[in-house]
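Please read the structure below before turning to the comments.
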Amino acid sequence: EWADCSEPYSDILYHKAEGIAKITINRPEVRNAFRPKTVKEMIHALADARFDADIGVVIFTGQGNMAFCSGGDQRVRGDAGYQDDEGVHHLNVLDLQKDIRSCPKPIIAMVAGYAIGGGHVLHLVCDLTIAAENARFGQTGPKVGSFDGGFGASYMASVVGQKKAREIWLLCRQYDARQALDMGLVNTVVALEQLEQETVNWARDILKHSPLALRTLKSAFNAGLDGQSGIQELAGNATMMFYMTEEGQEGRDAYLQKRHPDFKKFVRKP
Ligand code: 1HA
């Protein structure tokens, strides 16, 4: 049974249950297109999930069966981005993408219906994607005057290969769940009625495993493609684990006790 934590939000729903946080874009009337506020709320909820020690896995999804997300809300697209209520233009979904990648907890995209445009890139940057049989995937940028040349291009190419990634962007076709599975864009395809149960099953399996192993693996998978910031993440985990050792703590203790550190008792491993 999900606990409802949606109270502070208008554009999303936010739920928690047994170690799982679920963030749902709640704008089904526009196929769950996001406006700056939607993205701001998703960033906020994701941060909450990250800092909640009881949460081990995050699910991203869209309200209803018609769409996961149809990308940026074209009705509020101004001349330099998507306009918020103050008229300021944003491309803040790029910040959300970075937060999804750098979140040390696994994130699963649960996709029913359309994952299109910027909504397609959102599922792409999640660690895993569980698709319902009615899921449809694709980019529209070159058709509607946009493109995502960041994770949307290079990371997509690393997921589906260069030829397929270029096809997806150059032709702007839609692909059904089976085609998406065949090209490695999703992890599994299930009946629509099974979608949430199956996604929760995957999350439960993940929750059985070592949090430290999971977070280090995630940063390791990111490291190559994310360049300096990928290395920073991976190295941050190394530092965290070093802090957890007696050897690391000897340095701290010596400093605080105003004495020379004694590292002699720590063996040099081959
Ligand atoms: O590329 C980026 C970015 C790149 C760099 C940095 C930041 C970025 C941020 C965003 C994006 C983008 O997302 S660009 C791509 C924007 N999205 C699209 O081009 C997809 C537009 N939607 C569709 O192609 C179709 O609606 C659909 C394939 C998702 C669903 O088709 P379907 O089932 O036939 O429904 P449809 O009748 O088209 O849509 C239902 C309602 O939802 C329509 O409104 P209504 O006529 O009922 O008033 C439709 O206009 C609305 N809607 C759907 N998607 C959007 C939308 N309204 C605004 N924005 C949308 N994205």
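The values are calculated or read from the model by the stated rules, or taken from the named source; none is laboratory data. Quick caveat, the model's predicted, so the values are computed rather than measured. Cβ placement follows ideal geometry from the backbone for every residue including glycine, while neighbour counts extend to all protein chains displayed. For accessibility, only protein heavy atoms count, side chains too; no ligands or nucleic acids. Shrake-Rupley method; radii C 1.70, N 1.55, O 1.52, S 1.80 Å.
The peptide list 46-56, 14-24, put in order of mean Cβ contacts within 10 Å with the highest first, becomes 14-24, 46-56.
Take every Cα pair under 8 Å in the range 38-161 that's 6+ residues apart, average their separations, divide by the length, and report that relative contact order as a whole percent. It rounds to 25 percent for the range 38-161. Restricting the calculation to Cα atoms, every distinct pair contributes to the Kirkwood radius of the range 173-236, found to be 14.2 Å. Among 220-233, 242-255, sorting by the average number of other beta carbon atoms lying within 10 angstrom of each residue, highest first, gives 220-233, 242-255. Highest mobility in the GNM of the chain, judged by mean-square fluctuation with C-alpha springs under 10 Å and restricted to Q197, Q257, Q179, is found for Q257. Here the chain is treated as a sphere whose radius is the Kirkwood value from Cα pairs; by Stokes-Einstein at 20 °C and 1.002 mPa s it diffuses with a coefficient of 108 µm²/s. Inter-part distance, the range 119-145 to the range 192-248, computed on C-alpha centroids, equals 23 Å. Quick one: pull the percent of accessible area on the range 1-146 belonging to carbon and sulfur, 1.4 Å probe, ligands and nucleic acids left out. For the range 1-146, the apolar C and S fraction of the accessible surface comes to 50 percent.
Measuring nothing but how far apart in sequence close Cα pairs (under 8 Å, 6+ apart) lie, relative to its length, the range 50-113 scores a relative contact order of 50 percent. Run through the DSSP bridge list for the chain and note the antiparallel percent, rounded to the nearest 5. If we restrict to bridges inside the chain, about 35 percent are antiparallel. Two decimals is fine: what's Rg over Rh for the range 1-98, C-alpha atoms, Kirkwood radius as Rh? Using Cα coordinates only, the ratio equals 0.99.
How big, in percent, is the set of alpha carbon pairs in the range 53-124 lying more than 16 Å apart? The share of Cα pairs beyond 16 Å in the range 53-124 comes to 56 percent. Taking 0.36 nm per residue of separation and subtracting the Cα-Cα distance, full extension of the segment from Q249 to S154 would add 30.2 nm. For the range 219-270, the carbon plus sulfur part of the accessible surface works out to 61%, probe radius 1.4 Å. Annotation: average projected area of the range 79-187 is 7.2 square nanometres, based on the convex hull of Cα atoms across all directions. Mean-square fluctuations from a GNM of the chain, with a 10 angstrom spring cutoff on Cα atoms, peak among G152, G138, G81 at G81.
At the listed q of 0.15, 0.16 Å⁻¹, the Debye profile of the range 215-270, built from one uniform point per Cα, gives log10 I(q)/I(0) equal to -0.58, -0.63.
The relative contact order of the chain, computed from alpha carbon pairs under 8 Å that lie at least 6 residues apart in sequence, is 13 percent. Accessible area per residue for the range 142-231 is 59 Å², calculated with a 1.4 Å probe on protein heavy atoms, without ligands, DNA or RNA.
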